[in-house]
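The values are calculated or read from the model by the stated rules, or taken from the named source; none is laboratory data. Treat the numbers as computed from the prediction; the structure is a model and nothing was measured. FYI the Cβ positions are ideal-geometry reconstructions off the backbone, even for glycines, and counts take in every protein chain you see.
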Amino acid sequence: MTSYRVAATVAAAIVAALLGWAGVARAGGPLAIQDDGTPYLWSTATPIAYRTDQGPLSAAVNETQARARVISAFSVWQDVPTSSIRYERAGFINPTGAFTGGDVDTILEFDAVVASCEAGLQSPIIYDADGSIFAALGFDQESIIGFAGPCAVNATEIVRGMAMMNGRFQDGQGVDLPAAAFDAALIHELGHFSGLDHSQINLACLFGPCGSDLDGLPTMFPLLLDVAQGSLATDDIAWISRLYPETAAAPTFTGTHGTITGIVYFRDGESHVQFANVVARRVNEGGNEDRRIVASVISGYKFRMFHGNPITNPAPSMGSEHPGDIGLFEIPVPAGDYIIEIESIWQQFTGGSSVGPGFIIPLTSSAPPAGPVHVAAGATVSVDLVLNHSPPRFDSFETP
Ligand SMILES: [Zn+2]
């Protein structure tokens, strides 16, 4: 596949925003976590109903063309054979409040539609044909391609989501992207819509041509680096399948994938390390397989970052407070033999580009890769990693 690398200003471009969600726990894997550590997920009892903007995507892409591209982008996720997630277009975005129907093309209309999403009324896919709504939201309309995420949950499930796409990148002038690259961004946003967070894999692709690393570069990598991200990578497929497993028709998730789990520890072998990027690389076949068949998660991806207190943060943040979750990782992988590595989250993956619960603590030392471990389909294999050279703890006599 020909390689397309977006300009540096555009590289900082794909943003996940959870509108109206304060303090949400985010993860390499699922995007939102309940208090007990389980992810918020859409129900798969029926297809997820979404609604599309009745206006054009841009001056160069009309509504009919845009609608076809949205349906096609959803189908990329729906067509994962080991996942049961399904989507269905329910029509155009319903009028609500200041939005009286038609094209969502002002900030007031956008706000009204998002409010209806947060109220659990509809799941809109919105096009900003000229970037003016992005600008009104305070985004750089020439660097942000889109944002998306769940916007309403009930006790256990995502009930509505939204996505917003910037037509400035498809109007044939200025900061424009090839259609396939824009569609890769659209597929990425619909991954967020579906409840997926970013994944950091094959980071070298961020800094230059990356050869076979491109095949393992996730669609859910925080930035749009290459049109190849329009095809799902091993990590994307593994995570959408773990969150929404196909259990009935072959190939099922448990018939094809297993799980690698464990704890990342400091050198004492006792204290958990949160925010390490844990990467599993398959090594059955040699060659470049370890660059292509790769999946990852952040240690502590379930763990709550902020603890509520009645003065400064009365609202409970999302995520588990279980101490055993601090350094915990769980990675779904296709069956095979794996080496497990850890690395720091890249320091610039912050804000809308964050990976995991939203905080970065650079690792001051590494751990020897673990494995290879054999992961059979349907099996869970435990592997712990212990940092070399981490400073000794001074709290040995303190109670947790
Ligand atoms: Zn994103």
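Being in contact with a helix residue (DSSP H, G or I) (Cβ under 6 Å, 6 or more places away or on another chain) and within 25 Å of GLY327 (Cβ to Cβ) is the filter here; which residues of the range 283-292 pass it?
Within the range 283-292, just VAL283 meets the criteria.
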Apart from one, (1) crowded, with 19+ Cβ neighbours inside 10 Å; (2) not in a helix (DSSP H, G or I) all hold for GLY91; the odd one out is (1)
Can you name the condition, by its number, that PHE110 falls short on among (1) under 24 Å from LEU214 (Cα atoms); (2) outside any strand (DSSP E or B)?
(1)
What pairs come up if the first residue lies in the range 191-217 and is over 25 Å from SER75 (Cβ atoms), the second is within 14 Å of the ligand (Cβ to nearest atom) and among the aliphatic types (A, V, I, L, M), and their beta carbons are under 8 Å apart, counting only those six or more places apart or on different chains?
GLN200/VAL355; ASN202/LEU217; CYS205/LEU217; CYS205/LEU225; LEU206/ALA11; LEU206/LEU223; LEU206/LEU225; CYS210/LEU217
If you take just the strands (runs of 3 or more DSSP E) that sit entirely in the range 231-309, which of them hold at least 3 residues that are over 19 Å from the mean Cα position of the chain (by Cα)?
257-265
Among residues belonging to the range 138-179 that are within 16 Å of the ligand (Cβ to nearest atom) and over 21 Å from the mean Cα position of the chain (by Cα), point out the one that is surrounded by the most Cβ atoms within 10 Å (Cβ to Cβ).
PHE169
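This table checks each residue for (1) among the polar types (S, T, N, Q); (2) at pLDDT below 95; (3) within 18 Å of ILE48 (Cβ to Cβ).
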{"site": "ALA152", "(1), (2), (3)": "no, yes, yes"}
{"site": "VAL175", "(1), (2), (3)": "no, yes, no"}
{"site": "ALA181", "(1), (2), (3)": "no, no, no"}
{"site": "HIS188", "(1), (2), (3)": "no, no, yes"}
Sole exception among (1) surrounded by fewer than 17 Cβ atoms within 10 Å (Cβ to Cβ); (2) away from the ligand (no atom under 16 Å from the Cβ) for VAL114, by number:
(1)
Matching residues, the range 70-88, being closer than 25 Å to ASN166 by Cβ, crowded, with 21+ Cβ neighbours inside 10 Å and not aliphatic (A, V, I, L, M)
PHE74, TRP77, TYR87
Among what's in the range 39-61 and is hydroxyl-bearing (Ser, Thr, Tyr) and touching a residue at least 60 places away in the same chain (Cβ under 8 Å), pick the residue that is farthest from ASP111 (Cα to Cα).
THR44
Residue check, SER123 buried (at least 17 other Cβ atoms within 10 Å of the Cβ), in contact with a Cys (Cβ under 9 Å, 6 or more places away or on another chain) and touching a residue at least 40 places away in the same chain (Cβ under 8 Å):
yes
Does any residue of the range 122-129 turn out to be acidic (Asp, Glu), more than 16 Å from the chain's Cα centre (by Cα) and modelled with pLDDT under 95?
no
So is ILE293 in the same structural domain as ILE263 (by TED's automatic domain parsing), modelled with pLDDT of 95 or more and crowded, with 19+ Cβ neighbours inside 10 Å or not?
yes
